[in-house]
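What follows is a single structure, written as structure tokens, with notes after it.
FYI, it's all coordinate maths here, none of it is from the lab. Since we're looking at a predicted model, the values are computed, not measured. Cβ atoms come from the backbone with ideal geometry, glycine included; neighbour counts cover every protein chain shown.
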Amino acid sequence: MKVNSILEFPFNNQDIFLKKKKIKRFLLSEGKQLQKKKIAILGGVTTSEVINILDLYLLYNGVSATFYESEYNKYFEDSIFGNSDLDSFSPDLIFICTHEKNIQFYPESGATQNLEELIEQELGKYISMWDALQAKFNCPVVQNNFELPMHREMGNLDRTHSQGRSNFVSKINQSFVEEISKRKNIFIHDINYLSSWLGLTHWHNPSLWFSSKYAISFEVIPSFANNLSRLILSIWGKSKKLLILDLDNTLWGGVVGDDGVEGIKLGDDSGVGEAYILFQKCIKNLSKQGVALAICSKNEHSNAIAGLGHPDSILNESDFAVIKANWEPKHLNIRSIIEEVNLGQDSVVFFDDNPAERDLVKSQLPLVEVPDIGSNIEDYIYHLTQNSYFESVNLSNDDFKRVKYYSDNKKRSENKELFADYSEFLESLQMEAEIAHASPVYLERITQLINKTNQFNLTTRRYDFSKIEKFSNSSEHLLLYGRLKDKFGDNGLVTVVSGVVRNQALVIDLWLMSCRVLKRDLELAMFDKLIEECNSRGIQKIVGEYIESKKNMMVSDFYERLGFSPHVTDSSAESESIFWEFSVKNTGDLKNKFIKLMK
Amino acid sequence: MSKQEVMDELQELFRDIFDDEDLILSEGTNSNEVEEWDSLNHINLVIAIERKFNIKFALGEIQSLKDVGEMVDMMIAKHL
């Protein structure tokens, strides 16, 4: 059961309501460690379904709650006069679920009333409840503030006139802010914001109110319950504390290793670049509030640092407690990041635009939150803020210093990871490749790939379209391409190998692959195909060539890893080239084990 | 939709709401026969039906439904 895609923003309401009992059973069966808590809900409205869904969100975050639910609209009586059931329940936390419908002292149109007095009376009711509950139970109290009413009887004047209800709601909300600042244990659940964000026409449901006294429509209950659960979790110190981020197409547009620092999209000169800036600013502010940041990116370390050094970048190298930019599988990197900053898996959120990476991390590190952020930069910020992962009940100077603490506290532990699970991951991707001789329809894409790939590129030779076309028609040349599909979709044409037959040997002048499909063994499938080609043409030997560039260090030992041995160069060779050779044996032993080949 | 088609889909929805995979729905099924069919679950049911069949019950209609047969008749009357 993919509970996270049901319960997290954007919430899957249909499944939440229909499958709530199944979801609950699933969450209880996972064997996660659950903390037991008692929560009293004192409602001014019907709260039954709110409690059911809140229960799911708390379970999802490791809290198994039991609930006391006040009789309908008995929140005031329960708070002030007590109740033997509530007393013996002895709550760990109390939630006062009142809404705009519960406001008693709204000004009446045309009457001569003193607005200040009305506010005093309304506020006084809540203060007396908070203080009575504190005196008796001495536990945190969460209080809804108020949403705006559905209708404005005075139109625009409703906001500014002393008898306007919108005006009254905003004044009461402001007085709540002032009163709770004098008290330690009262927390505001900001439904005023939530209802605005969702829209009042979605929030209010008159039919539901008249038939069953629910103050909000069912469609907003998941948002409500999620927002409330995050506040409650944060009161209990269970907010997330570490945000791990991918780089390419997550913190900036494009691939820094291929496009170069000057080529990535970041900054106000393009719409996309501007959106990345906004996202980075949001992350920077979280960091200032005490959220630790780390990088986990498939990149050369130097490229990652160069990208963060982009002149418009809001986030810089020093903002991150740990930076893992290498070619190891991400779940291993994340595991060691978590160890270095000394946190639990359940305090970590991971953001990555690549669904395959998300799936890997989710499956290997089930307690890490991995939201499906999609691949549109303008949406990322919603997934970051609407899930309220990093909720904090108040911000002290300590929080602002905490980031440094994480950096200082790094433990330089040895990487003791095992790679046993990675093959299972590759298996799970259900990869299929099409590897064949270049046909005319692909020549344009092949040319494009040849001219922009920098990292997995053995020689970085650039050829133009006419040259590629010539290769594809020549019997001495071999021009192979590979397309890769996996369960997440089609990656398209992502790899090219070009070679020429010379003196009974196949000399590879070009071998490149897009970074999108690194560590998928596609290069092995290409190699198998090369062997097959050699066998069918009676070629005995493959000669590989490597030319070092600023960006292709990751393939410096590529031929060696494939089992090539050093090749003695002849005088005509380019001086910076290093040659390798492989003698083709007709063993039929395939290197690729995870990718199915399509005909 | 025919009455039978509505009944079939409704049965599936009842099974989810009442978390009972063996629940068999007939036209005579009413709230006395299904243990958890109280007023709160009645609301859950109505909202789930509205969403699934894309129809809207008027305020008065919701409270007066006696059994499943009546419910289905009303749904079909809403141009299902």
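Some observations on this one:
- Oblate is the label for the range A:3-235, because a/c, from the alpha-carbon gyration tensor with a ≥ b ≥ c as root eigenvalues, is 1.5 or above and a/b does not exceed b/c.
- Cα-based helix-to-principal-axis angle, A:355-364 vs chain A, degrees rounded to 10: 70 degrees
- Segment A:Ser474-A:Lys599, extension gain: residue separation times 0.36 nm, minus the distance between their alpha carbons: 42.7 nm
- Straight-distance crosslink candidates among aspartates and glutamates, where the alpha carbon sits under 18 Å from A:Lys324 and sequence neighbours closer than 8 are dropped: A:Asp246, A:Asp248, A:Glu300, A:Glu339, A:Glu340, A:Asp352, A:Asp353, A:Glu357, A:Asp408, A:Glu414, A:Glu417
- Mean per-residue shielding of peptide A:11-18 is 3, counting Cβ atoms of other chains within 10 Å of each Cβ.
- The lysines whose alpha-carbon is closer than 17 Å to the alpha-carbon of A:Lys21, local same-chain residues fewer than 8 away aside, are A:Lys2.
- Per-residue ellipticity at 222 nm from helix content only, as computed over the protein assembly as shown with -39500 (n - 2.57) for each DSSP H run of at least four residues, stands at -12500 deg cm²/dmol.
- Enclosed volume per residue, in Å³, of the convex hull spanned by Cα atoms of chain A: 195 Å³
- Other-chain or far-sequence residues with amide H under 5 Å of A:Asn249's (modelled H): A:Gly254
- Taken along the Cα-to-beta-carbon direction at a fixed 7 Å, the label points for A:Tyr193 and A:Met150 span 2.6 nm.
- Rounded is the label for the range A:242-425, because the ratio a/c of its alpha-carbon gyration tensor axes (a ≥ b ≥ c) stays below 1.5.
- Within the straight-line cut-off of under 23 Å between alpha carbons, the lysines reachable from A:Lys470 are A:Lys452, A:Lys529, sequence neighbours fewer than 8 places apart in one chain being disregarded.
- The range A:482-599 shape via C-alpha gyration tensor axes, a/c threshold 1.5: oblate
- Neighbour cut-off at most 10 other Cβ (10 Å), DSSP loop, trypsin sites (Lys or Arg not before Pro), the range A:116-210: A:Lys182, A:Lys184
- Using θ = phi - 60° and Karplus 6.51 cos²θ - 1.76 cosθ + 1.60, couplings along the range A:424-441 (whole Hz; Gly, Pro as x): 4, 4, 4, 4, 5, 6, 6, 7, 9, 10, 10, 10, 7, 6, 4, 10, x, 4
- Simple rule: put +1 on each Lys or Arg Cβ and -1 on each Asp or Glu Cβ in the protein assembly as shown, find the dipole, and look at A:Leu480, A:Phe89, A:Met431; the Cα lying farthest toward the positive end is A:Leu480.
- Counting, for every residue in B:42-53, the Cβ atoms of other protein chains within 10 Å of its Cβ and taking the mean gives 4.
- The simple spin-label model puts a point 7 Å past each Cα toward its Cβ; for B:Glu27 and A:Thr385 those points are separated by 5.5 nm.
- Non-local lysine pairs in chain B, meaning eight or more places apart or on different chains, with alpha-carbon distances under 17 Å, amount to 4.
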